[in-house]
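Visitor: The structure is given below, and queries will be raised subsequently.
The values are calculated or read from the model by the stated rules, or taken from the named source; none is laboratory data. All of these numbers come straight from a predicted model, not from anything done at the bench. Cβ placement follows ideal geometry from the backbone for every residue including glycine, while neighbour counts extend to all protein chains displayed.
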Amino acid sequence: MESLDDLLELDKSKGIYIDIGTKLYLEIEGVNFSVTSVFVGLLKDEFMIITLPKRYKSVKTKLYKGNKIVIKYLFEGSVYAFQSNVIEIITDPIKAVAIEYPKIVQERELRLVKRNSVTIPGRIEYREVGFSIVVFDISKNGCRFKYNDDKPAISPLKEGDFLKIFCQFPGVSTEVAAIASVRNVKREKEKLSIGTQFHELTDSFLTPLMHFLYAIEDFS
């Protein structure tokens, strides 16, 4: 189970920043893989309630009273994490897990450095014309995508142009969209590589983007 020593401790007087329905990533003592759950509610300084984790049958024997859990989640562009203990497995009238209210909640902002090893299928709309792209580099600030330079009906993209980017993030059933502006254009053999900056991201795009960035984040 991962140590939290490299995370920044929050001011406890401010409470815990979390919304009902937030997706949680659980690292359970004695389990060599993480599982996900959903935050249901809390009584401050007493306990928190979360749903039974996905793959519950695989971790059921480790969700016993007193066992340790590290919980991580995303909130407004940062990763929050805390250590807790199982209080009780609730089966009636609802199925849930009661855990201890955290004594320390720690924060780390997702890094803004871009990553060049991603492959996200997508498309753009530009001047009422749409075509497919591949996003290979993405962060909270923007992305870089490529497309074949064989579309004579499309005006060449140039710095300052605004367009709409649609991405199909892993684990998300539908594509999500964001407005972006072109920051630079590079030619790479028969493809054009376009660097963009996001503008006024909506929650429908930002939430799956943050979960994607968390999934590829290196916390070592």
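Visitor: Please go through the range 63-79 and pick out each residue that is more than 11 Å from Tyr214 (Cα to Cα) and not hydrophobic (A, V, I, L, M, F, W, C).
Guide: Listed by number, the residues that qualify are Tyr64, Lys65, Gly66, Asn67, Lys68, Glu76.
Visitor: Would the range 16-23 turn up any residue that is touching a helix residue (DSSP H, G or I) at 6+ places or on another chain (Cβ under 9 Å) and either modelled with pLDDT of 90 or more or not assigned by TED's automatic domain parsing to the domain that holds Leu206 (or both)?
Guide: Checked against the condition, which is being touching a helix residue (DSSP H, G or I) at 6+ places or on another chain (Cβ under 9 Å) and either modelled with pLDDT of 90 or more or not assigned by TED's automatic domain parsing to the domain that holds Leu206 (or both), the range 16-23 yields at least one hit.
Visitor: Further question on the same structure: Among Lys62, Lys114, which is the only one that is more than 19 Å from Glu46 (Cα to Cα), modelled with pLDDT under 90 and surrounded by 14 or more Cβ atoms within 10 Å (Cβ to Cβ)?
Guide: Within the list Lys62, Lys114, the selection yields Lys114.
Visitor: Here's a follow-up. Which one is modelled with the highest pLDDT among residues in the range 133-161 that are among the basic types (Lys, Arg) and closer than 21 Å to Thr202 by Cα?
Guide: Among them, the one singled out is Arg144.
Visitor: Going by the conditions given, is Lys146 over 26 Å from Thr22 (Cβ atoms) and not assigned by TED's automatic domain parsing to the domain that holds Lys72?
Guide: Judged against the criteria, Lys146 is a match.
Visitor: Same structure, new question: Out of everything in the range 171-183 that is of a type outside the set (A, V, I, L, M) and surrounded by 13 or more Cβ atoms within 10 Å (Cβ to Cβ), what residue ends up being farthest from Gly122 (Cα to Cα)?
Guide: Residue satisfying both the conditions and the ranking: Arg183.
Visitor: While we're looking at this one, here's another question. Among the residues of the range 126-141, which ones are in a strand (DSSP E or B) and under 15 Å from the mean Cα position of the chain (by Cα)?
Guide: Ile138
Visitor: Which members of the range 177-200 meet the condition of being part of a loop (DSSP other than H, G, I, E, B) and without any contact (Cβ under 8 Å) to a residue 40 or more places away in the chain?
Guide: The answer is Lys189, Glu200.
Visitor: Within the group Leu209, Leu213, which residue is in contact (Cβ under 8 Å) with a residue 60 or more places away in the chain, farther than 13 Å from Pro121 by Cα and touching a Cys at 6+ places or on another chain (Cβ under 9 Å)?
Guide: Leu209
Visitor: Hand me the list of strands (runs of 3 or more DSSP E) wholly inside the range 19-116 holding 2 or more residues that are in contact (Cβ under 8 Å) with a residue 24 or more places away in the chain and polar (S, T, N, Q).
Guide: By residue number, 78-90.
Visitor: Okay, moving on. Can you find, within the range 183-212, the residue that is farthest from Val134 (Cα to Cα) among those that are of a type in the set (A, V, I, L, M, F, W, C) and over 24 Å from the mean Cα position of the chain (by Cα)?
Guide: By that ranking, first place goes to Val185.
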